[in-house]
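> Provided herewith is a single structure, encoded as structure tokens, for subsequent inquiry.
What follows draws every value from the coordinates through simple rules; no lab data is involved. Bear in mind that the values here come from a model prediction, so they are computed numbers and not experimental data. Cβ coordinates were reconstructed from backbone atoms using ideal geometry, including for glycine residues, and neighbour counts include every protein chain displayed.
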Amino acid sequence: MTEQKAKLKYLRISPRKVRLLADLIRGLSVNEAEMELTSNTQRSTKPLLKLLHSAVANVKDKGEMNPDHLFIKSITVDQGPMMKRYMPRARGSASMIQKKSSHITLILSADEKIKSKFNFIKKTKVKTEKPTKESKKETRQKTSDTAKVSGSTAKPEVESSKDVARDTNKKGVLKKFFRRKSI
């Protein structure tokens, strides 16, 4: 069991804000954590992503572990030094402003126990067929045939929402959806 540690010190973001993202990526594989961080819009995502890339680069340089099988074993966010500033207030008084900083420690591991613990199921996409030109022509012919049989050139009637609600087994959901009065 080998581990790779990377640290980021004196990050000028409050630890409370950084911990929100650290909790999101804890235990994920490196690829999933990277996707999670890139899709997030918080200010602390950029330094965390940079730290993650740095840890993976360290693993590649040493050549001890396979970078594809890395997982975030732990990520801790500790409070760094606090800068104290003062803001003038009413009647000549002053109030203190605390500008907090963070220390982040990231530990990557390729341990088999962690790999099996966080094994995620990948969903397969179901392919839907797009209507072709021939199928579109067939539907047009069917609608024109029904119009000829009825003796008018009008389009066939579309089922109303009430008929759809009666025909389906999920009456409760559609009944709520098509209700006239609002709750």
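> With 25 Å as the limit, write out which pairs from 17/60; 17/84; 50/99 have Cα-Cα distances beyond it, or answer none. Intermediate values should be presented prior to the final figure.
Working: 17/60 30 Å; 17/84 19 Å; 50/99 22 Å.
Too far apart for the 25 Å limit: 17/60.
> Once amide H atoms are placed 1.01 Å from N in the peptide plane, what residues at a sequence separation of 5 or more from residue 80, or on another chain, have their amide H within under 5 Å of its amide H?
101, 102, 103
> Take residue 76 and residue 46, extend 7 Å from each Cα along the Cα→Cβ direction, and tell me the distance between the two endpoints in nm.
Between residue 76 and residue 46, the simple spin-label model gives 2.8 nm.
> Between residue 16 and residue 39, with labels modelled 7 Å along Cα→Cβ, what's the label distance in nm to one decimal, could you check?
With each label point 7 Å from Cα toward Cβ, the separation is 2.8 nm.
> Could you give me the ³J(HN,Hα) list for region 37-51, computed from phi with Karplus coefficients 6.51, -1.76, 1.60 and θ = phi - 60°, whole Hz, x at Gly and Pro?
Karplus values, whole Hz, x for Gly and Pro: 6, 5, 7, 8, 10, 6, 5, 7, 5, 5, x, 5, 5, 5, 5.
> Determine, from the Cβ-Cβ distance of residue 99 and residue 7 and an R0 of 22 Å, the FRET efficiency 1/(1 + (r/R0)^6), rounded to the nearest 0.05. Numbers along the way, then the final one.
Values: r = 21 Å, r/R0 = 0.95.
FRET efficiency, residue 99 to residue 7: 0.60.
> Provide the per-residue ³J(HN,Hα) series for region 15-22, in order, calculated from phi with Karplus coefficients 6.51, -1.76, 1.60 and θ = phi - 60°, each as a whole number of Hz, with x at glycine and proline positions.
Per-residue couplings from phi come out as x, 4, 6, 6, 5, 4, 6, 4 Hz.
> Order of 23-32, 63-72 by packing, highest average Cβ count within 10 Å first? Each step should come with its number before you reach the end.
On the way: 23-32: 17.0, 63-72: 15.4.
Answer by packing, highest mean first, reads 23-32, 63-72.
> What FRET efficiency would be calculated for the residue pair residue 57, residue 138, taking the C-beta separation as r and a Förster radius of 45 Å, to the nearest 0.05?
Details: r = 58 Å, r/R0 = 1.29.
For R0 = 45 Å, the calculated efficiency reads 0.20.
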